[in-house]
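Participant: Pasting in a structure now, in structure tokens, and then I'll have a few things to ask.
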Amino acid sequence: MDLDLGQLRALAAVVDAGTLEAGARQLHITTSAVSQRLRALESATGRVLLVRSRPVRPTASGERVLQLARQVSLLVADASAALGAPDDDGGASAADGRWVRPPVLPIAVNADSLATWVLPALAHLAGPEAEVCLDLRREDQSYTARLLRDGSVVGAITSDAEVVPGCSVQPLGALRYLAVATPEVADRWFAGGVTAAALGRAPVVVFDRDDELQDAWLSDHSGAEERLDPPRHHVPASVDFSEAVRLGWGWALLPQVHATADLEAGRLVLLDDAPVDVPLYWQQWKLRSPALDAVAAALTSAARSALVPPS
């Protein structure tokens, strides 16, 4: 099977952008040219690679070719940087002191890691020297691995220890959470204790509809045979999520780093003394890529101080 680099880039651009038109703008070519490249790629593979919905999405075969497209793109970028070669948009060689485009790395990160330790960990790579361009995809830690499987990202912080085919995995540590509420919420709903009856009525703040952390805690602490379904507030942003808890919207599990100052000041109280530790892992494609390895090294180094050590 003979695959063309331009066709692979067209597939990745269209999936990332969501439409053929947006993908064409990203590649600085016409929509017709993108369509021709995609048809040629489907002809070369003998497979339908895209569902032409809005946004477009890869088929099962398309996911596999998308993985290849990202792998090839990363390797080409690494080689270009090493050789000081011109970038694809007309930039010139690093050998004469001019600019070479850094590689783009799509990475999946859970929201709480993004809001606490990941950005400082990667600052030296994405800062003034811009060794890489980071395309961070926010997703619940239970679901980031699926972005590796479908080819959307080249690495992921995930709670899934099962190795994604074609990837390597290493433990980072655990992100520690505490079950907290304001004193007013605790007095209103839990004056008689953190019982199943109280947990079934007390409002809870949930990140989004993929967030299972609060429900797992409810199940562990209620002793109820049936799943409790208390009133829920959905607040899908980490900083705003924490603020909603501080404002008394309801109880929730907050990262310890977000809760400690408010607990010490008495603005929040613990509903339970035992913390909840969510193990996190770094999974990445098995590629010899200096850029990807640099991201992995930065994350694993920062995790040693930011997370609870792996058990």
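Residue by residue, here is whether (1) of a type in the set (S, T, Y); (2) more than 29 Å from A13 (Cα to Cα); (3) at pLDDT 95 or above; (4) over 25 Å from the mean Cα position of the chain (by Cα) holds:
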site: S152; (1), (2), (3), (4): yes, no, no, no
site: T158; (1), (2), (3), (4): yes, no, no, no
site: V163; (1), (2), (3), (4): no, no, no, no
site: S168; (1), (2), (3), (4): yes, no, no, no
site: A191; (1), (2), (3), (4): no, yes, yes, yes
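Participant: Might you check whether a residue that is β-branched (V, I, T) and over 16 Å from E63 (Cα atoms) occurs anywhere in region 130-150?
Facilitator: Yes, that holds for at least one residue.
Participant: So, of the residues in region 15-65 that are among the acidic types (D, E) and free of Cβ contacts under 8 Å to residues at least 12 places away in the same chain, which turns out to be surrounded by the fewest Cβ atoms within 10 Å (Cβ to Cβ)?
Facilitator: E21
Participant: Can I ask one more? When region 110-168 is examined, which residues are found to be farther than 25 Å from A69 by Cβ, of a type in the set (A, V, I, L, M) and not in a helix (DSSP H, G or I)?
Facilitator: Selection gives A161 alone.
Participant: Could I ask something else about it? Please determine, by comparing only the residues of region 217-259 that are β-branched (V, I, T) and surrounded by 14 or more Cβ atoms within 10 Å (Cβ to Cβ), which one is nearest to L175 (Cα to Cα).
Facilitator: V257
Participant: Mind checking which residues of region 197-247 are without any contact (Cβ under 8 Å) to a residue 12 or more places away in the chain, of a type in the set (D, E, K, R) and either in contact with a Phe, Trp or Tyr (Cβ under 8 Å, 6 or more places away or on another chain) or in a helix (DSSP H, G or I) (or both)?
Facilitator: Residues satisfying the conditions are D220, D240, E243.
Participant: Checking G127 against (1) within 17 Å of the chain's Cα centre (by Cα); (2) modelled with pLDDT under 85: exactly one of these is not met. Which one?
Facilitator: Unmet for G127, out of (1) within 17 Å of the chain's Cα centre (by Cα); (2) modelled with pLDDT under 85: (1).
Participant: Determine which member of the set R288, R267, R209 is within 21 Å of the chain's Cα centre (by Cα) and assigned by TED's automatic domain parsing to the domain that holds T116.
Facilitator: R209
Participant: Being closer than 22 Å to P106 by Cα and touching a Phe, Trp or Tyr at 6+ places or on another chain (Cβ under 8 Å) is the filter here, so list the residues in region 261-311 that pass it.
Facilitator: Scanning region 261-311 gives L292, A296, L299, T300, A302, A303.
Participant: Right, another one. For region 150-165, name all the residues that are surrounded by fewer than 16 Cβ atoms within 10 Å (Cβ to Cβ) and in contact (Cβ under 8 Å) with a residue 60 or more places away in the chain.
Facilitator: Those that are surrounded by fewer than 16 Cβ atoms within 10 Å (Cβ to Cβ) and in contact (Cβ under 8 Å) with a residue 60 or more places away in the chain: A161, V163.
Participant: Look through L268, L263 and report the one residue that is at pLDDT 95 or above, surrounded by 22 or more Cβ atoms within 10 Å (Cβ to Cβ) and of a type outside the set (G, A, S).
Facilitator: After applying the criteria, what remains is L268.
The values are calculated or read from the model by the stated rules, or taken from the named source; none is laboratory data. Owing to the predicted nature of the structure, the values given are computational and were not obtained by experimental measurement. Glycine gets a Cβ as well: all are built from the backbone with ideal geometry, and neighbour counts include every protein chain shown.
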